[in-house]
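A short worksheet on the structure shown next.
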Amino acid sequence: MKLNTVGIKDIRYPVRVREKSGGMQETVASISLQVSLPSQYRESCVSTFIKVLNTYQDEMSNRIFRNLLAEVKEELRAESAHVEMTFPYFLEKKAPATGTPGLMEYTCRFTGGIGKDEDFILSVWVPVTTLCPCSREISDCGAHNQRGEVNLTVKYSGFIWMEELIAMAEAGGSCEVYSLLKRPDEKYVTEKAYNNPMFVEDAVRKVAEQAMAHPAITWFSVSVESFESIHKHSAYAYVDSDEIR
């Protein structure tokens, strides 16, 4: 009997990821790696997966994935191979008024496949602040605001940095989120959000416009979830380029 896929799922593994600044960042990834084997093969593929991961752990990037998958596919005589790697990625970010540095954590994911379905996809999850335009309009003072999360997923040609996608996502909210703020910074982000109100629909459109303008992006999806501060539910919006092109 032929199986759809066989492999390993959610193995936690130390990896090094190349930064746009030129450095290498050490992180711990959750990796799933599967292949589609011909029905006549019954050999265990776990040892092959681990061996290949050992080979490439010193630099994981969307450039490297094609080589990793090709090696797995060849060694196991597989029809196709697929990998998904999710990891925390840290960037130093300075507070907007005082310039105080702090580390921001972003969740990133590389997804790739060769064989029957050849695709390479990059995803980021980025926190933002959203402030409700309706609340601001009807209130004598103040407006409800909350943290939201932007998920930007892209297919691309050539190469694209995670930092580019993170910047696109952060620009979609009423204000960016920071890990460390002093009083002048708190004043800045409060006033910036108040002067830049956003429904989740507005945020999705703003990120989508940036993705459409990027020359390397061939397909994208954007979702925004706002964890409402005055409601029990979240607000949510989604769009992908298939619907708007």
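Miscellaneous remarks
- The Rg/Rh ratio of the chain, with both radii computed over alpha carbons and Rh defined as the Kirkwood radius, is 1.05.
- Ascending count of other beta-carbon atoms within 10 Å, so fewest first, for Leu103, Leu69: Leu103, Leu69
- Taking 18 Å as the straight-line reach from the Cα of Lys155, the lysines in range (excluding those fewer than 8 positions away in the same chain) are Lys116.
- Summing Cβ point charges (Lys, Arg +1; Asp, Glu -1) relative to the Cα centre of segment 140-233 gives a dipole of roughly 80 debye.
- With the simple spin-label model, which puts each label point 7 Å out from Cα in the Cβ direction, the Glu79 to Ala171 separation comes to 4.3 nm.
- Total charge dipole magnitude, the chain, about the Cα centre, Cβ charges on Lys, Arg, Asp, Glu only, Debye to nearest 20: 400
- Start at zero, step by 5 Å, and the Cα-Cα distances of segment 124-245 spread as 2, 12, 22, 21, 18, 13, 7, 4, 1, 0, 0 percent across the bins.
- By the rule of a C-alpha distance below 15 Å, with chain neighbours fewer than 8 residues away ignored, the aspartates and glutamates paired with Lys20 are Glu59, Glu92, Glu163, Glu164.
- Note on the chain: dipole from Cβ charges, positive end direction compared against Ala167, Val28, Ala208; the farthest Cα belongs to Val28.
- Between the helical axis of 200-213 and the longest alpha-carbon principal axis of the chain there is an angle of about 60 degrees.
- Calculated [θ] (222 nm, deg cm²/dmol) that DSSP helices of n ≥ 4 give over the chain, each run adding -39,500 (n - 2.57): -8000 deg cm²/dmol
- Here each label is just a point 7 Å from Cα along the line to Cβ, and for Tyr13 and Thr107 those points are 2.1 nm apart.
- Net lengthening on full extension, Lys232/Glu59 (0.36 nm per residue, minus Cα-Cα): 58.0 nm
- Förster-model FRET efficiency, 45 Å R0, His144 and Gln25, C-beta, rounded to 0.05: 0.80
- Taking the Cα centre of segment 75-117 as origin and assigning +1 to Lys and Arg Cβ atoms and -1 to Asp and Glu Cβ atoms, the resulting dipole is close to 180 debye.
- Simple label model, 7 Å out from Cα along Cβ direction - Asp242 to Met212, nm: 1.8
- When Val35, Val28 are arranged by Cβ crowding within 10 Å, least crowded first, meaning fewest neighbours, the order is Val28, Val35.
- Principal-axis tilt of helix 65-75 within the chain, Cα atoms, nearest 10 degrees: 20
- Amide H contacts of Val177 (H built 1.01 Å from N, under 5 Å, at least 5 apart or other chain): Thr129
- Fewest neighbouring Cβ atoms within 10 Å first, the residues Arg16, Arg183 line up as Arg183, Arg16.
- In degrees, nearest ten, helix 46-56 long axis to first principal axis of the chain (Cα): 60
Throughout, read-outs are computed from the coordinates displayed, never taken from laboratory work. What you are looking at is a predicted structure, and each value in this text was computed from that prediction instead of being measured. Cβ: placed from backbone, ideal geometry, glycine included. Neighbour counts: every protein chain shown.
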